[in-house]
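Input: a single structure, listed below in structure tokens.
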Amino acid sequence: MAKKPKIHVCERGKHCCKRGGEEVYKAIKRELKAQDLKGEIKLEGEKCMGLCSTGPSVIVTPGGVQYGGVTPEDAAELVRNVAERGEPIERLLAKNQKKKKKKD
Ligand code: FES
């Protein structure tokens, strides 16, 4: 059986906190409820995930897709994307992921 996806949101790290990480966490939590996915997708509030320069940071596992500059307005799309196991959302990819993708 496939592992349930998990959304890790930096909500307590200093840099992400200043940029609204806590609001992103709350928005994703609301969306999981609104889309009736609380049992399907886990949500984890994190302290710092080492992606401070591109925060608010979100990592989706399995796969480890890293998103940066996420806003509460992105929550619905992000949750839908994770539920559908879609391709990573290009415009939200953290800068280092975009570079990595170009190299591929
Ligand atoms: S403070 Fe959020 S990733 Fe470091």
For strands (runs of 3 or more DSSP E) lying entirely in the range 28-104, having 1 or more residues that are surrounded by fewer than 18 Cβ atoms within 10 Å (Cβ to Cβ) picks out 42-46, 58-61
Going through (1) in contact (Cβ under 8 Å) with a residue 24 or more places away in the chain; (2) away from the ligand (no atom under 15 Å from the Cβ) one by one, ARG12 fails only at (2)
### Query
Could you say whether any residue in the range 10-17 is in contact with a strand residue (DSSP E or B) (Cβ under 6 Å, 6 or more places away or on another chain), buried (at least 16 other Cβ atoms within 10 Å of the Cβ), under 22 Å from PRO88 (Cβ atoms) and among the small types (Gly, Ala, Ser)?
no
GLU84 passes all but one of the listed conditions (1) touching a residue at least 24 places away in the same chain (Cβ under 8 Å); (2) more than 13 Å from the ligand (Cβ to nearest atom); the exception is number (1)
Q.
Within the range 27-38, does at least one residue satisfy the condition of being out of contact with any Pro (no Cβ under 8 Å at 6 or more places or on another chain) and within 15 Å of the ligand (Cβ to nearest atom)?
A. yes
THR54 fails exactly one of (1) within 15 Å of the ligand (Cβ to nearest atom); (2) at pLDDT 95 or above; (3) β-branched (Val, Ile, Thr), namely (2)
Within the range 65-100, restricting to residues that are among the small types (Gly, Ala, Ser) and at pLDDT below 95, the one that is farthest from CYS10 (Cα to Cα) is GLY86
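The values are calculated or read from the model by the stated rules, or taken from the named source; none is laboratory data. These figures come from a predicted structure and were not determined experimentally. Quick reminder, even Gly has a Cβ in these numbers, built from the backbone with ideal geometry, and neighbours come from all protein chains shown.
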